[in-house]
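In what follows, a structure is listed as structure tokens, so that the remarks can point back to it.
Derivation of every value follows stated rules applied to the coordinates shown; laboratory data play no part. Computed from a predicted model, the values in this text were never measured in an experiment. Quick reminder, even Gly has a Cβ in these numbers, built from the backbone with ideal geometry, and neighbours come from all protein chains shown.
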Amino acid sequence: MKINRLALRGFIGIKKGLDLDDVELDFSKIGGLVAFDGPNGHGKTTILDNLHPYRTLASRQRSLKQHVFLRDSFKELEFEFNGNLYRSVTKIDAQSERQEAFIYVNGGAESETGGKVSEYDRFISGLFGSSSLFFNSVFCAQNSDKMTDLTTGELKKLFSEFLRLDQLERHEATSKHCVSILNGRLSGIDRELDYVQKRMQPNADAALRLETEQQELTRIKDQRDESKARISRIVYELETARAAAEKARIASGKLETLETDSRQLLAAIQRVEHDAGEKDGVFRDKLCALSIEATGPERLLAQTEGINAAARSRDETVKLIDETGRQIEQEAEKVNRFLVRINELQARDAEISKQFDDEKARLEKKLAEVDKKIAENGKQTELLKVALKNHDNDRELLDLQSKITRCREDETALHLRDPECLSTKCSFIVKALEAQKQCPALEVKLEHRQAALDQKKKTDHDRLTELVAELDQLRKESGRIWDAIEANEEQNRSMFKRGSGEIQTVLDERSEAERLLRALRGRKQDLQDMVPKFEKLAAKQPELAVASAKLEQIETRRAEMETERRSVGAGFQTQLTALNQRAATMDRQCAALRDEIDPEAAGRVTDLELDLKAKHRTIDMLLKNAATQASTIATLEKRRDEYEQDKSQVASLQAQRNRITNEIAEWTYLQNACGKDGLRALEIDSVAPVISGSANDLLKTTFGPNFAVRLQTQDPETMREVLDILVMREDGTEVLLDNLSGGEKVWSLKALRLALTLVAKEKSGRNFQTALSDEEDGALDVNNAKHFIALYRAFMQTGGFDTCFYITHKPECVDLADHVVSFAKGGVTIH
């Protein structure tokens, strides 16, 4: 910043000090060390406190409106900065305390701000940085805080600003915000995951229990079928036993009557009847055995239709199982193809994202190079502008002009002397003759110096024109790169959105295929469960032919046996013809009745009836158990399906959680890296030695090697953050600044403050050309005060500062200035 002009109206400090309502000062033609000289209370500090565009008086408490007394008070400041000319206008109404602030650029008629002080303050802060940094570096106000008065946090805040760590702070805030959002999403997934897992726990053993319960149901059904078969046999045996018992009862009654009548005939026909009855009993037993033997085939043949239907159902079920298996293979292959497609899409998106990131990195690198060139160009441009202005105020040229003027004035004495006076020893004559002798040589020297300056000015002006054109091209190039970066980002977001849509579509299709696959597998399992049921009944199909053949054989044997029996009975009947017809008849009846009587038939009936009731109770119990088991199986199948669905949902949630956890880790790493303990801490820690080095260079240049200072921001023993200023003496010992004398403190602190200003200017990229300092040499003796002013000059040369304004009350320090601004009642003069 180069100050050109300041105009004030209605300031209390000017009114009291100079008795003026208005003051206007032109600083455009002065540079170097500029001293403010004058008695106390004459407005020096008020003028100095207004040589900046901020809306505050650095040496005064309260706001700007508290230091004016007119309703149309204003402050107008013209200054140059980074190749642009600015005019700042602040209007203050002392009565209403209303303020308006405007800023005009490069002679424009329209303000960059709308008059609102908040807009103006933001504009100035964007141009020069915060007021805190400005008044702790470039501008040292009266009674301003010393570096030792700053806390560690305040000092680091200044470091952060001029080191341009605000971008890292923004990155940290963005990362923190992203971590917060992702943590919220992660918490939601964790809650959902916890809910699903808890919901899964009761169903975790459903599949295993389902298999056990199905086996138990099969066992129950087998027991039921076995019990039904046993009942059929018992019923048949019971009917036979009942028939035998009834027959025995009737026969016993008849026999009791006939035995009385047939005893007399028994002896005669006993042998024949015994033989006939014995033979007939054999035939009956055989026929009974054949009837019993035919019972099994007859029952099997009665099931012919059911067995054949079971065989057909079994074959159809097996075909359906095979067809379902093929469908399952097709759906599984389709699911795998979806997985491959998802991986391909994700790999493609990752590659595209990498290409965009590489392009962005290339553009950002190119942008950094262009910005670096812009900064270098701007610095050279400012230096050339300063050089061009300095050409008009060349000290050697002004000195030659002043000498020639004095020579001409001295030479006029020759024209004033009496023509008759021939004295050559009179002092003013001697001085005039000497001036007359030197004047031509001085004029030649002036002419040569003017020509050299004109040539240098032309060269600098041509170079400045080239730099301005180059700067304009660089700025256009920077704008094009920014446009390319934004276009790259927009295209990246578009590609990512489109890729995400494709992946989501494939995921939806895969989910539908997986749902169909689960349904097919369930259907196959149901069909496989039905096969054993059909298989058990269909396995009897080969036995049908055997049973039919066996039954035919039994019928043939029964017919043959009946024929044989009739033949044998006819023979016995012929033998008994000779006997009395009645005796024969009675004998035959008695023999027949005895053969039919079964003494154990009644007991077998009772036992079989009890066994039949027990079997019926068993079947009822098995039917109830089967119904209960079927209900249990249905419940377990439902729980198994729910478990599989929950399991799939848990896998999906776990995948989302892992992805979000990885994103949180990456954002957290970026947050920590950009945090106050990361890159920002490294930058801040590294700047302290730089400040100390610059301060020591300034001290060595002006005060000599007697002292060296060091800024310590961390206690080496406790590693605690501190703000200690250590001074190293000639013998190598270090002492705290607080233990030094007042004068030693002054120049050590000033060296550190000036060093801070140099580093801040370099690191922030803001080309400040003017430094300002209120009276700081009060505690110094005359000799050290001169060294103190020399410190200003060394600081200006090191930092490329064009002007340094300072207030002093020591004449010796005023004499060291290149220009002096004198304050007295009634006005201010610059010389």
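Taking only the alpha-carbon atoms of the chain, what semi-axes of the equivalent ellipsoid follow from 5 times the gyration tensor eigenvalues under a square root, in whole Å, largest first? Show your work: numbers first, answer last.
On the way: eigenvalues 3495, 152, 93 Å².
Semi-axes from the Cα gyration tensor: 132, 28, 22 Å.
How high is the relative contact order of the chain? Use alpha-carbon pairs under 8 Å, at least six apart in sequence, and give a whole percent. List each step's numbers first, then the result.
Values: 979 pairs, mean separation 231.4, N = 831.
So the answer I get is 28 percent.
May I ask you to give the average projected area over all directions of the convex hull of the Cα atoms of segment 188-232, in nm² rounded to one decimal?
Values: hull surface 14.2 nm².
With every direction weighted equally, the projected area is 3.5 nm².
Among DSSP beta bridges whose residues both lie in the chain, state the antiparallel percentage, nearest 5.
On the way: 43 of 58 bridges.
If I count the DSSP bridges inside the chain, around 75 percent turn out antiparallel.
With respect to the cross-link table entries LYS2/LYS372; LYS365/LYS761; LYS75/LYS476; LYS431/LYS457; LYS254/LYS550; LYS15/LYS389, which display a Cα-Cα separation exceeding 31 Å? Intermediate results must be reported in sequence, preceding the final value.
Details: LYS2/LYS372 23 Å; LYS365/LYS761 23 Å; LYS75/LYS476 35 Å; LYS431/LYS457 36 Å; LYS254/LYS550 39 Å; LYS15/LYS389 33 Å.
Those over the limit are LYS75/LYS476; LYS431/LYS457; LYS254/LYS550; LYS15/LYS389.
Determine the calculated [θ] at 222 nm for the chain from helices alone, applying -39500 (n - 2.57) to every DSSP H run no shorter than 4 residues and normalising by the residue count; nearest 500 deg cm²/dmol.
Working: 17 runs with 590 residues, N = 831.
After summing the helix terms and dividing by the residues of the chain, the value is -26000 deg cm²/dmol.
Tell me which of GLY126, THR701, ALA101 sits at the most positive position along the dipole axis of the chain, charges placed on C-beta atoms (Lys, Arg +1; Asp, Glu -1).
Positive-end residue among those listed: ALA101.
Once a ≥ b ≥ c are taken as the square roots of the eigenvalues of the Cα gyration tensor of segment 205-254, is the result rounded (a/c under 1.5), prolate (a/b larger than b/c) or oblate (a/b not larger than b/c)?
Numbers: a/c = 12.85, a/b = 8.40, b/c = 1.53.
Prolate, because a/c is 1.5 or more and a/b exceeds b/c.
Would you list which lysines come within 19 Å of LYS615, measuring only between C-alpha atoms, while excluding same-chain residues fewer than 8 positions from it?
Correct list for LYS615: LYS221, LYS228, LYS624.
Name the residues whose placed amide hydrogens come within less than 5 Å of the amide hydrogen of LYS116, ignoring near sequence neighbours (fewer than 5 apart) on the same chain.
ALA101
How far is helix 395-416 tilted off the main Cα axis of the chain, in degrees rounded to 10, range 0 to 90?
It works out to around 10 degrees.
Below 8 Å, C-alpha to C-alpha, sequence gap of six or more: please give me the relative contact order for segment 41-121 in percent. Each step should come with its number before you reach the end.
Working: 131 pairs, mean separation 16.3, N = 81.
That works out to 20 percent.
Could you sort out which of LYS44/LYS458; LYS750/LYS810; LYS373/LYS750 sit more than 28 Å apart by Cα distance in this structure?
Pairs exceeding 28 Å: LYS44/LYS458; LYS373/LYS750.
With only Lys, Arg, Asp and Glu charged, each at its Cβ (+1 for the first two, -1 for the last two), find how big the charge dipole of the chain is about the Cα centre; round to the nearest 20 debye.
800
With a 10 Å radius around each residue's Cβ, average the other Cβ atoms per peptide and rank 207-214, 764-771, highest first.
Details: 207-214: 15.1, 764-771: 20.6.
Ranked by mean Cβ neighbours within 10 Å, highest first: 764-771, 207-214.
Counting other Cβ atoms within 10 Å, which trypsin sites (Lys or Arg not before Pro) in segment 454-485 have at most 12 and lie in a DSSP loop?
none
Reported to two decimal places, what Rg/Rh ratio describes segment 351-405 when computed on Cα atoms with Rh from the Kirkwood expression? If you can, show how the numbers build up before the last one.
Details: Rg = 23.6 Å, Rh = 15.1 Å.
Looking at segment 351-405, the ratio lands at 1.57.
What ranking, highest mean first, results for peptides 747-760, 66-79, 308-321 when packing means the other Cβ atoms within 10 Å averaged over each residue? Don't skip to the answer; put the middle values down first.
Values: 747-760: 24.4, 66-79: 18.4, 308-321: 15.5.
Ranking the peptides 747-760, 66-79, 308-321 by packing returns 747-760, 66-79, 308-321.
Starting at the first residue of segment 235-246, write each ³J(HN,Hα) from the Karplus equation 6.51 cos²θ - 1.76 cosθ + 1.60 with θ = phi - 60°, in whole Hz, x for Gly and Pro.
Result, ordered by residue: 4, 4, 4, 5, 4, 5, 5, 5, 4, 5, 5, 5 Hz.
Name the shape class, rounded, prolate or oblate, that the alpha-carbon gyration tensor gives for segment 757-831, where a ≥ b ≥ c are the square roots of its eigenvalues, rounded holds for a/c under 1.5, and otherwise prolate holds if a/b is larger than b/c and oblate otherwise. Can you show the working numbers first?
Details: a/c = 2.39, a/b = 1.45, b/c = 1.65.
The shape class here is oblate.
Once amide H atoms are placed 1.01 Å from N in the peptide plane, what residues at a sequence separation of 5 or more from GLY38, or on another chain, have their amide H within under 5 Å of its amide H?
Amide H neighbours of GLY38, under 5 Å, 5+ apart: PHE823.
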